[in-house]
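Single-structure report; data block below.
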Amino acid sequence: MSKEFEDIEKLWKQVKMLMILIGIMAIVAVLLVVRTSFKSKPTNNYTPVDSSTILEVNSKSLDPSTDLWTAPKIEDAKNLTEAQKSQLLYGKELISNTSKYLGPLGSVAKLTNGMNCQNCHLEAGTKPYGNNYGAVFSTYPKYRARSGAVEDIYKRVADCFERSLNGVSPEKGSKEMEAIVAYINFTGSNVEKGKKAKGSGIYELKFLDRPADPTKGKIAYQAKCQSCHQANGEGQINPDKVSYQYPPLWGKNAYNSGAGLYRISRFAGYIKANMPFGVTYKEPQLTDEEAWDIAAYVNSMPHPSKDISKDWPKIEEKTFDHPFGPFADAFSEEQHKFGPFGPIKKAK
Ligand code: HEC
Ligand code: HEC
């Protein structure tokens with residue numbers, strides 16, 4: 001064989017090796033793409049939003065700096081029809097300015113106490129540990145011990161209308177109810193079914209090993225809350241009387257005795273991460289003790305009462321801080337209201 005021929009053969013061998021290598025790399029790349037697209041496939045059947053939208057928002061479901069859930073933005077969602085988009089925007093508007101539409105002077109109907117959903121579900125239900133809607137779409141329908149039944153999102157929303165807003169819920173099928181539920185679904189649509197997003201809902205505060213103390217709470221309230229929510233706890237209504245600048249914490253226009261915030265663990269966790277208004281869970285201004293004591297104080301003041309005789313049909317399923325007896329355990333109503341809760345939880 002001539003030297004020239006040997007060289008060509010060597011070169012040909014190298015080219016073949018290279019081609020095989022490129023081939024393998026291409027196969028690996030295709031496999032990777034297929035795998036990730038399967039992974040991020042929408043895990044829900046929320047029809048009003050096109051599935052490719054959900055794929056898009058899935059990739060941005062976490063804040064890389066904190067690892068916490070972030071809500072998709074309506075503006076970023078691709079492939080929504082105009083009707084879908086305007087329904088979501090109306091839902092968001094109803095969450096943010098509920099009273100304008102459904103409050104005592106509401107333009108659509110007069111159903112509620114003048115509060116907005118957003119007063120408690122901050123930033124339209126998207127703020128980390130701001131009682132957000134991050135875990136709603138992914139975990140409902142679910143069994144809830146309070147009603148002793150499996151609840152869907154409509155039922156859960158109606159609950160807040162009847163308790164937190166001490167009013168009447170718009171009906172399923174109404175433009176308002178459908179828009180609110182569509183918005184809540186969309187907001188949680190980037191969380192996998194069955195999972196609870198990190199940073200969702202309310203911050204879980206450590207228990208004190210003493211009862212929460214309303215007397216200490218009153219002092220802290222005067223120092224840190226009263227400037228906005230007022231000495232009488234009734235907040236401050238806007239000059240137009242349609243909605244509040246500072247929402248009420250007690251009194252006839254506040255949440256009622258069947259509401260989530262009437263449980264002091266919900267109240268304390270909510271204010272620890274969010275009040276005085278403007279703080280975040282990262283830089284709280286209240287100590288744990290202050291949060292529990294203020295919760296005890298505010299929930300010792302008068303609230304509208306709600307007939308909750310049908311709640312908690314199985315008393316052994318009552319949550320540790322449900323403040324009304326009878327109880328399946330031997331702890332007093334007082335201890336169920338103010339704690340210490342450690343022993344109650346332990347006995348369970
Ligand atoms: C006075 C405060 C308050 C107001 C106002 C309020 N909510 Fe709530 N909401 C709560 C609390 C507290 C919870 C229970 C959160 C928990 O236990 O983690 C809750 C829970 C919910 C949940 C279930 C959340 C979950 O993760 O399971 C939905 C949905 C909801 N509210 C919707 C609404 C809507 C819609 C409105 C307005 C019509 C509204 N809420 C107004 C306080 C409020
Ligand atoms: C600078 C004014 C300001 C201060 C101070 C303040 N809040 Fe608020 N608070 C607000 C505003 C405004 C909202 C409603 C937020 C919204 O709608 O986005 C609110 C909402 C709330 C809510 C939920 C709605 C309701 O009325 O039930 C609670 C509970 C609450 N505050 C408790 C407290 C407590 C307790 C303190 C003191 C530790 C406090 N706030 C201090 C302005 C304030």
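Nothing in this text is a laboratory measurement; each read-out follows from the coordinates by a stated rule. For clarity, every value in this text was computed on a predicted model and none was experimentally measured. Cβ coordinates were reconstructed from backbone atoms using ideal geometry, including for glycine residues, and neighbour counts include every protein chain displayed.
Among the residues of region 245-253, is there at least one that is part of a helix (DSSP H, G or I) and within 12 Å of ligand 2 (Cβ to nearest atom)? No, region 245-253 has no match at all. Which of the residues that make up region 64-104 are within 26 Å of residue 229 (Cα to Cα) and surrounded by fewer than 14 Cβ atoms within 10 Å (Cβ to Cβ)? Of everything in region 64-104, nothing turns out to be within 26 Å of residue 229 (Cα to Cα) and surrounded by fewer than 14 Cβ atoms within 10 Å (Cβ to Cβ). The residues on offer are 223, 158, and the sole one that is under 19 Å from the mean Cα position of the chain (by Cα) and not in a loop (DSSP other than H, G, I, E, B) is 158. Here region 97-143 is the region considered, the condition is being over 11 Å from the mean Cα position of the chain (by Cα), assigned to a loop (DSSP other than H, G, I, E, B) and within 13 Å of residue 185 (Cα to Cα), and the residue that is farthest from ligand 2 (Cβ to nearest atom) is 141.
The residue list 309, 305, 265 contains one member that is more than 12 Å from ligand 2 (Cβ to nearest atom) and either basic (Lys, Arg) or crowded, with 18+ Cβ neighbours inside 10 Å (or both), which is 265. Out of 212, 273, one residue alone is away from ligand 1 (no atom under 16 Å from the Cβ), crowded, with 16+ Cβ neighbours inside 10 Å and among the aliphatic types (A, V, I, L, M). It is 212. Considering only residues in region 276-320 that are away from ligand 1 (no atom under 16 Å from the Cβ) and hydroxyl-bearing (Ser, Thr, Tyr), the one that is farthest from residue 206 (Cα to Cα) turns out to be 309.
Residue-wise test of (1) among the β-branched types (Val, Ile, Thr); (2) out of contact with any strand residue (DSSP E or B) (no Cβ under 7 Å at 6 or more places or on another chain); (3) under 26 Å from residue 244 (Cβ atoms).
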| residue | (1), (2), (3) |
| --- | --- |
| 131 | no, no, yes |
| 160 | no, yes, yes |
| 164 | no, yes, yes |
| 184 | yes, yes, yes |
| 191 | yes, no, no |
| 217 | no, yes, yes |
